[in-house]
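Working notes for the structure below.
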Amino acid sequence: MTMQSPSPKARPEALAERVYQALKEEIFAFRLMPGDRFSESEVAGRMSVSRTPVRQALFRLEREGFVEVWFPSGWQIKNFDFAWFEALHDLRTVLECEAVKRLCALPAAQCSALLTGLTRFWCQAERLTAGLTIAAR
């Protein structure tokens, strides 16, 4: 994503936020891929800002788990942690099984009403496919 040249009076916090949003969008749109390495200077030049807001944005992305710093050689988009996603899937399975057990223990009329609402949400509503839209929710 190319940023517009900031106004001369733009606050550093605003620049850092703009750089953060732009980098996060590039990560979610897979324009920056897991394993890609880059320097603060490269990002600063590409986005027409100084290195300070870039550094602030990158440290925020690091805290959120999207990038990691490789002193002194620069930054890298973090690779997917498949073990973490597998554990998350296992947790979801346990929670969903418990939810079904509790749903089945309800009186039939109440269970049917709840299932109707869930069917509308999970099966009949339009499926979200845009990664950035889903991530924003």
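From the list 23, 115, pick out the single residue that is part of a helix (DSSP H, G or I) and either open to solvent by less than 60 Å² (accessible area, probe 1.4 Å) or of a type in the set (Lys, Arg) (or both). Exactly one residue qualifies, and that residue is 23.
For the range 30-54, the tally of residues that are acidic (Asp, Glu) and assigned to a helix (DSSP H, G or I) stands at 2. Among the numbered conditions (1) touching an Asp or Glu at 6+ places or on another chain (Cβ under 8 Å); (2) at pLDDT 90 or above; (3) in a loop (DSSP other than H, G, I, E, B), the only one that residue 65 does not meet is (1). Evaluated against (1) aromatic (Phe, Trp, Tyr); (2) surrounded by 12 or more Cβ atoms within 10 Å (Cβ to Cβ); (3) assigned to a helix (DSSP H, G or I), residue 121 falls short on exactly one condition, (2). Just to be sure before I move on: is residue 42 of a type in the set (Asp, Glu), open to solvent by 70 Å² or more (accessible area, probe 1.4 Å) and at pLDDT 95 or above in the structure I sent? Yes: the conditions hold for residue 42. Which residues, taken from the range 45-73, are surrounded by 13 or more Cβ atoms within 10 Å (Cβ to Cβ) and acidic (Asp, Glu)? Scanning the range 45-73 gives 62, 68. Restricting attention to the range 75-88, which residues are assigned to a helix (DSSP H, G or I) and either charged (D, E, K, R) or loosely packed, with under 10 Cβ neighbours inside 10 Å (or both)? If the condition is that a residue be assigned to a helix (DSSP H, G or I) and either charged (D, E, K, R) or loosely packed, with under 10 Cβ neighbours inside 10 Å (or both), then 82, 83, 86 are the ones that fit.
The values are calculated or read from the model by the stated rules, or taken from the named source; none is laboratory data. In this text, all values refer to a predicted model and were calculated from it rather than measured experimentally. Note: ideal-geometry Cβ built from the backbone for every residue, glycine included; neighbour counts use all protein chains shown. The area values use the complete protein model at the heavy-atom level, side chains included, leaving out ligands, DNA and RNA. Shrake-Rupley method; radii C 1.70, N 1.55, O 1.52, S 1.80 Å.
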